[in-house]
Amino acid sequence: MTAGDMITIPEECPAALVPVGTQVTLPAGSQVMVTQQLGGSLTVNVNGNLARIDAADALRLGLTEPVEEPVSSDEIAGPISEEQVWQVLATCYDPEIPVNIVELGLIYDLEIMPVNGGSRINVDMTLTAPGCGMGPFIAEDVRYKLQAIPGVVEADVRMVFDPPWDRGMMSETAQLELGLF
């Protein structure tokens, strides 16, 4: 499945409207167009509105191919390094923007601390807009993927808005991807 594909939803499917985050149920028989399939979730256009569908619910769309999953335990072994955590963070996406949150410059701080025979990861992150209703969904995606790293006992994701995000915080790669150069 790729961006632009039209599908008819075979059964009801929970989703969150983008950018407000309101929980909705897409009814069976709805026609949707996939706009983004990145980081394990899907963004679809349904009746002119964008909706984010979690990876766990993607099978309700009738998908036969697997949706991208977080980094597996085979890919991360031994003590947790900062580089490995950045790799996992790069699998998280804003549902409206086809660029990962690392390249968007949304991660302000990362700390790995030993705790209870494992590691605790603290992340300070921001959003492209402080009032974005998708913030809790993005933060939960980050938390879920960090906690899936073998050896991680705790993951704390804190939203911060100082300094305010601006597009100058994006990497050159992100700016090229979005046509901002």
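Every read-out reported here was derived from the displayed coordinates using simple, explicitly stated rules and does not represent laboratory data. Because the structure is a prediction, the values reported are computed rather than measured. Backbone-built Cβ (ideal geometry, glycine too); neighbour counts: all protein chains shown.
Listing for the model above:
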| item | result |
| --- | --- |
| Summed residue charge, Cβ within 9 Å of C92's Cβ, Lys/Arg positive, Asp/Glu negative | -1 |
| Per-residue HN-Hα couplings for the range 135-149 [Karplus 6.51, -1.76, 1.60; θ = phi - 60°; Hz; x = Gly/Pro] | x, x, 5, 5, 4, 5, 4, 4, 4, 4, 5, 5, 5, 7, 6 |
| DSSP-defined beta bridges in the range 78-181 - what % are antiparallel, rounded to 5 | 55 |
| Distant-in-sequence amide H partners of V152 (H built 1.01 Å from N, under 5 Å) | S119 |
| Residues M134, M33, M169 arranged by fewest to most Cβ contacts within 10 Å | M33, M169, M134 |
| Burial ordering of I107, I101, I7, fewest other beta-carbon atoms within 10 Å first | I7, I107, I101 |
| Cα gyration tensor shape of the range 6-61, rounded if a/c is under 1.5, else prolate or oblate by comparing a/b with b/c | rounded |
| Efficiency of FRET from Cβ geometry, Q147 and M6, R₀ 25 Å, rounded to 0.05 | 0.10 |
| Total formal charge among the other residues, if their Cβ is under 15 angstrom from that of F181, Lys/Arg +1 and Asp/Glu -1 | -2 |
| Counted charge near A16, where neighbours are those whose Cβ lies closer than 10 Å (Asp, Glu -1; Lys, Arg +1) | 0 |
| Theoretical ellipticity at 222 nm over the chain - DSSP helices of four or more residues, -39500 (n - 2.57) apiece, nearest 500 | -4000 deg cm²/dmol |
| Among [x] 17.8; [y] 10.9; [z] 14.2, the entry that matches mean projected area of the Cα convex hull in nm² as calculated here | [y] |
